[in-house]
Amino acid sequence: MLNIHAIEAAMLKLGLNGTALAEACGVSKEATSNWLNGESIPRPSKLTRLAEALGLPVESLLKIAEPTQPVFAYRTRLNKPVTGPLREAAEDQARHLEQLLPFVEVDSEFEPPLLKNPSLEEERIRKAANAVRASIGLGHMDVLSNAQLENLFRTFGAILVPVLWGLNKEKHENALTVYLPESKTSWVVFNLGCKRDDYKYWLAHEYGHCLTLHGLSEEEGEIFAEKFAQHLVFPDEVARECLEKIRGTGEGTKTVKDYADHFGISVITVLRAVDRLSEQLWGAKTGLGVQRFYASWKISRETTPSMAYEVFGTDVPTSKDYIEKTEALYKTKVFEALQNFQITEGGRNPAFIANALKIGLGDAISHSLYLWERQC
């Protein structure tokens, strides 16, 4: 592509307008206009004439496009930026997902509904979350269902990649959002091994990343996603009502649990919301977040089912159940893409599947075999 900035700077220095440049190059004014608008590139002979007219070397007129790198949002358990092996693993997965693009139907006629000028200002984040809720017909006090949240990703155009990473993952290890700038596609990899009451919050968190990966740095994007998810699944209006009941009844722990159950989220998500609001209104937290509260929560977690159990009735489904049921539930095209990738390669490729889904080779071999047999 042409280095438009260098050309325009040389024209300004020499006092050339479009007409004069066209005459010097022996072309029409329309041709030079197309060059400067990036709509066409001059043929080699005309490129030489252009360089002579501007007094520049030919190579300076050409701008070599740098390969676009995937952008991803991923964090460790301690909410620290990914470094070293973890970053390399995330980048490797992003590169493998990128290779599936030819096998995924992407609507290139429309831009994803990205958030304009994303900001970390609390009020703007709250308004963004409320706007998303309103777009699907939810009032402030309504419960956001899993189905509504999942459909937001489809409306956005994100490619959902449900995976089984096991039950021992925490926080950001449960998801990875990848944005591929060249194709302007977002891939959301999420762990069905997470606890059922964490699922909605973490998926909302990844939706926040989808809206902002194009415009915020890693740390800023993480802060935005945290706050956005909180407002999306448990708006301030609900938090205020919950806080009033806590203060009025004196049954704080029970009230928090009741609201968590009703909204399908963790008691920790509710507690954080009411503590933040309490600090804003009265300068102090609710006082519920004591050791006994967290100890009780950890005990209850032992009997809280995973999303995998909700979807498959087991934490370890067969490859057939895993692929068929997630395709039906999430309308994902990723397994069809993996299947067609194998066909193009001329045979099964479990190593590629292992890297694309970031799973063990044993599971990848099973998935690869099922996808190969399914297409026969």
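So which residues in segment 142-151 are open to solvent by 10 Å² or more (accessible area, probe 1.4 Å) and either in contact (Cβ under 8 Å) with a residue 12 or more places away in the chain or part of a helix (DSSP H, G or I) (or both), if there are any at all?
First, pick out the residues of segment 142-151 that are open to solvent by 10 Å² or more (accessible area, probe 1.4 Å): 142-143, 145-148, 150-151.
Listed by number, the residues that qualify are VAL143, SER145, ASN146, ALA147, GLN148, GLU150, ASN151.
Return a yes/no flag: does segment 338-353 have any residue that is within 26 Å of ARG196 (Cβ to Cβ) and either among the β-branched types (Val, Ile, Thr) or in contact (Cβ under 8 Å) with a residue 60 or more places away in the chain (or both).
Looking through segment 338-353, none of the residues is within 26 Å of ARG196 (Cβ to Cβ) and either among the β-branched types (Val, Ile, Thr) or in contact (Cβ under 8 Å) with a residue 60 or more places away in the chain (or both).
Under the condition of being within 28 Å of the chain's Cα centre (by Cα) and in a helix (DSSP H, G or I), which residue from segment 252-267 is farthest from ALA147 (Cα to Cα)?
VAL267
Being modelled with pLDDT under 95, touching a His at 6+ places or on another chain (Cβ under 8 Å) and open to solvent by 30 Å² or more (accessible area, probe 1.4 Å) is a property that GLU182 lacks.
For segment 309-339, what are the residues that are among the hydrophobic types (A, V, I, L, M, F, W, C) and open to solvent by 50 Å² or more (accessible area, probe 1.4 Å)?
Quick first cut of segment 309-339, residues among the hydrophobic types (A, V, I, L, M, F, W, C) only: 311-312, 316, 323, 328-329, 334-335, 337-338.
Those that are among the hydrophobic types (A, V, I, L, M, F, W, C) and open to solvent by 50 Å² or more (accessible area, probe 1.4 Å): VAL316, ALA328, LEU329.
For segment 17-58, filtering for residues that are under 38 Å from the mean Cα position of the chain (by Cα), assigned to a helix (DSSP H, G or I) and more than 12 Å from ILE7 (Cα to Cα) leaves 1. Whenever a residue of segment 2-21 is closer than 17 Å to VAL58 by Cα and free of Cβ contacts under 8 Å to residues at least 24 places away in the same chain, it has no partner that is of a type in the set (Val, Ile, Thr) and part of a helix (DSSP H, G or I) lying with C-beta atoms less than 7 angstrom away and at least six residues away or across chains. Residues in segment 268-291 that are touching a residue at least 40 places away in the same chain (Cβ under 8 Å), under 19 Å from TRP202 (Cα atoms) and β-branched (Val, Ile, Thr): 1 in all. Here the condition is being at pLDDT below 95 and touching a Ser or Thr at 6+ places or on another chain (Cβ under 9 Å); of SER296, SER217, SER300, it holds for SER296 alone. Just one of the numbered conditions (1) on the phi > 0 side of the Ramachandran plot; (2) charged (D, E, K, R); (3) touching a strand residue (DSSP E or B) at 6+ places or on another chain (Cβ under 7 Å) is not true of ARG301: (1).
Of the listed requirements (1) within 29 Å of THR177 (Cα to Cα); (2) surrounded by fewer than 15 Cβ atoms within 10 Å (Cβ to Cβ), GLY346 misses just one: (1).
Residue count for segment 115-140 under the criterion of being at pLDDT 95 or above, open to solvent by less than 60 Å² (accessible area, probe 1.4 Å) and not in a helix (DSSP H, G or I): the result is 3.
Reported count of residues in segment 200-244, each being of a type outside the set (Gly, Ala, Ser) and either at positive phi or assigned to a loop (DSSP other than H, G, I, E, B) (or both), is 5. Candidates are the residues of segment 71-114 that are at pLDDT 80 or above and assigned to a loop (DSSP other than H, G, I, E, B); the one that is nearest to ALA158 (Cα to Cα) is VAL104.
Yes/no matrix, rows are residues, columns are (1) under 20 Å from GLU123 (Cβ atoms); (2) open to solvent by 20 Å² or more (accessible area, probe 1.4 Å); (3) hydroxyl-bearing (Ser, Thr, Tyr):
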site	(1), (2), (3)
ARG240	yes, yes, no
THR253	no, yes, yes
HIS262	no, yes, no
VAL267	no, yes, no
TRP282	yes, yes, no
THR286	no, yes, yes
GLY289	no, yes, no
TYR294	no, yes, yes
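The values are calculated or read from the model by the stated rules, or taken from the named source; none is laboratory data. Note that the structure is predicted; figures quoted are calculated from it, not measured. Counting neighbours? That spans all protein chains shown, and the Cβs are built from the backbone with ideal geometry, glycine included. To get the accessible areas, we keep the full protein, side chains included, count just its heavy atoms, and leave off ligands, DNA and RNA. Shrake-Rupley method; radii C 1.70, N 1.55, O 1.52, S 1.80 Å.
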